[in-house]
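Can you keep this structure in mind? I'll have questions shortly.
The values are calculated or read from the model by the stated rules, or taken from the named source; none is laboratory data. Remember, it's a predicted structure, so these values are computed and weren't measured experimentally. Glycine also receives a Cβ, built like all others from the backbone with ideal geometry; neighbour counts cover every protein chain displayed. Accessible surface is based on the protein model in full, side chains and every heavy atom, while ligands, DNA and RNA are left aside. Shrake-Rupley method; radii C 1.70, N 1.55, O 1.52, S 1.80 Å.
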Amino acid sequence: MTITLADLPTPSLILDQRRLLNNIARMQARARELGVMLRPHLKTAKSAKVAELAVGKGGPLTVSTLAEAAYFARAGFTDITYAVPMAPAKLPQAAAIMRDAPGLKLITDNLDVARAVAEQGRAQGVTFAVLIKIDCGLGRAGIAPDSDLLLPLAQALSQPGAKLAGVLTHAGHSYHAKSIPEIERIAEDERQAVLLAAARLRAAGHDCAIVSVGSTPTALFARTLDGVTEMRPGNFVFFDLFQAGLGCCGMEDIAVSVLASVVSHHHGRNHLLIDAGGLALSKDTGANEHAPGTGYGRVCRPDAALPLPGLAVHDVHQEHGLVGGAQAGPQSGPVDFAAHPAGSRLRVLPNHVCMTGAMYDRYHVIDGRTDGGSPVVVAEWDRVNGW
């Protein structure tokens, strides 16, 4: 039996496999060009199938939760970096995951935590591999590359129960760049930060095998990654409206959308009502930084995931989405209600796909085939959620 988008419940998370494969191929080629290993951040996709397409069975991954680490370990991925600063209470859970994924690596920027890692490693009968988190300008976590804490951290991670694996940074501030040249400058700052930290560690006699950077914008636009061993972009597998606003992709590259139903018309308020609200789409409005009027997502016809001119989700409640002009209200053009009758379907491109995907347990995968004009669902791929 053929299943099309017209047969799915709404809201549903739709994944365009052709776009996904093109996006993966682009980043794989970029990693080869830069001479580094691709360790994609699966916090975006949270899917073993996507991971396998990106790096092959068992290949190197990055995750943002221990639930993700356990899920990918069960799926046969053994080289996993848990790229959130470690909480000591989670160390027994991490030790258990290492039975399936002996290549699990943790991160920290805190001396007390580093000491706890070594202590728990001895107690659990394992050796935790740990990367020191370096701040390259984001200001969220990590120590400065010239910090006095660097060498004490390395020393604490060179005790029985722990092993210093290297250094790691993330140029998340690249998302706020105003131009490609600015992203290029941030990418070089990112590289220089970890190179300085690695040089200091090596000069003090410490091994620093891994020198890790990562964000989709800097991975795409770095001029060089000389001295770096791996990069950890994540958003690139799907892209979203924020990345399109940055210039990292085009609308035609965005691989994930949310299928929604039109449930009502409100002519006096100039909006359609859809059954995809804040939980289905997220309340992330970051894409408006680069493209004002994006609202909570751009709206497409169900058979072609390219935005309809000027149409966006301008407001959301928990399960309600209000679709009108890019700035819905008297100043915007009237909505074409006849083109979108109650019961019809729309697809919404996400502002921040990592957040949009959080409520869903699966992808409905399409690949370009249609039946009666509606895209055919060729597979369902699972996702992991929770912590």
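Across segment 231-247, what is the number of residues that are in contact (Cβ under 8 Å) with a residue 60 or more places away in the chain, open to solvent by 10 Å² or more (accessible area, probe 1.4 Å), of a type outside the set (A, V, I, L, M, F, W, C) and assigned to a helix (DSSP H, G or I)?
Total satisfying the criteria: 0.
Now a separate question. Among the residues of segment 322-366, write down those that are of a type in the set (Asp, Glu) and modelled with pLDDT of 95 or more. Spell out how you get there, then give the answer.
To start, the set of residues in segment 322-366 that are of a type in the set (Asp, Glu) comprises 336, 361.
Matches in segment 322-366: Asp361 only.
Show the residue pairs that are 6+ apart or on different chains and have beta-carbon atoms under 9 Å apart, the first residue being within segment 4-33 and under 15 Å from Phe238 (Cβ atoms), the second being among the polar types (S, T, N, Q) and part of a helix (DSSP H, G or I).
What qualifies is Leu13/Thr356; Met27/Thr216.
While we're looking at this one, here's another question. Go through segment 228-237 and report how many residues are more than 11 Å from Arg191 (Cβ to Cβ) and either among the hydrophobic types (A, V, I, L, M, F, W, C) or modelled with pLDDT under 95 (or both). Lay out the reasoning, then the answer.
Filtering segment 228-237 down to residues more than 11 Å from Arg191 (Cβ to Cβ) leaves 229-230, 232-237.
Next, from what is left, pick out any that are either among the hydrophobic types (A, V, I, L, M, F, W, C) or modelled with pLDDT under 95 (or both): 236-237.
So the count comes out to 2.
How many of the residues in segment 190-223 are touching a Leu at 6+ places or on another chain (Cβ under 7 Å) and in a loop (DSSP other than H, G, I, E, B)?
Residues that pass the stated criteria total 5.
Can you run down the residue pairs with Cβ atoms below 7 Å, 6 or more apart or on separate chains, where the first is in segment 139-164 and modelled with pLDDT of 95 or more and the partner is surrounded by 20 or more Cβ atoms within 10 Å (Cβ to Cβ) and of a type in the set (Ser, Thr, Tyr)?
Matching pairs, first to second residue: Gly142/Thr169.
Sort out which residues of segment 364-387 are under 15 Å from the mean Cα position of the chain (by Cα) and either free of Cβ contacts under 8 Å to residues at least 40 places away in the same chain or buried (at least 19 other Cβ atoms within 10 Å of the Cβ) (or both), and write them in order of number.
Arg383, Val384
So which residues in segment 122-165 are touching a strand residue (DSSP E or B) at 6+ places or on another chain (Cβ under 6 Å), of a type outside the set (A, V, I, L, M, F, W, C), open to solvent by 50 Å² or more (accessible area, probe 1.4 Å) and closer than 18 Å to Ala198 by Cβ, if there are any at all?
Result: Ser158, Lys163.
Moving to a separate point now. Of the conditions (1) open to solvent by 60 Å² or more (accessible area, probe 1.4 Å); (2) of a type outside the set (Phe, Trp, Tyr); (3) farther than 16 Å from Pro11 by Cβ, Met359 clears all except one; give me its number.
Condition (3) is where Met359 drops out.
Can you pull out the residues in segment 190-227 that are within 21 Å of the chain's Cα centre (by Cα), of a type outside the set (A, V, I, L, M, F, W, C) and modelled with pLDDT of 95 or more?
Across segment 190-227, the qualifying residues are Glu190, Arg191, Ser212, Ser215, Thr216, Pro217, Thr218.
Then there is this: Please go through segment 283-317 and pick out each residue that is touching a residue at least 60 places away in the same chain (Cβ under 8 Å), surrounded by fewer than 22 Cβ atoms within 10 Å (Cβ to Cβ) and under 26 Å from Thr4 (Cβ atoms).
Pro302, Asp303
Would segment 304-315 turn up any residue that is at pLDDT below 95, more than 17 Å from Asp336 (Cβ to Cβ) and of a type in the set (A, V, I, L, M, F, W, C)?
The answer is yes; a qualifying residue exists.
Being in a helix (DSSP H, G or I) and among the hydroxyl-bearing types (Ser, Thr, Tyr) is the filter here, so list the residues in segment 155-189 that pass it.
Passing the criteria: Ser174, Tyr175.
Then there's this: Among the numbered criteria (1) closer than 17 Å to Phe221 by Cα; (2) without any contact (Cβ under 8 Å) to a residue 60 or more places away in the chain; (3) among the hydrophobic types (A, V, I, L, M, F, W, C), which one does Ala73 miss?
Evaluating Ala73 over (1) closer than 17 Å to Phe221 by Cα; (2) without any contact (Cβ under 8 Å) to a residue 60 or more places away in the chain; (3) among the hydrophobic types (A, V, I, L, M, F, W, C) leaves (1) as the failure.
Still on this structure, please answer the following. Among the residues of segment 246-276, write down those that are in contact with an Asp or Glu (Cβ under 7 Å, 6 or more places away or on another chain) and either more than 17 Å from Leu21 (Cβ to Cβ) or at pLDDT below 95 (or both). Spell out the reasoning first.
First, the residues of segment 246-276 that are in contact with an Asp or Glu (Cβ under 7 Å, 6 or more places away or on another chain): 254-255, 260-261, 263, 275.
Passing the criteria: Ala260, Ser261, Val263, Asp275.
Do any residues in segment 89-109 that are in contact (Cβ under 8 Å) with a residue 60 or more places away in the chain have Cβ atoms under 6 Å from those of residues that are buried (at least 22 other Cβ atoms within 10 Å of the Cβ) and among the basic types (Lys, Arg), where the two are at least six apart or on different chains, and which pairs are they?
Ile107/Lys133
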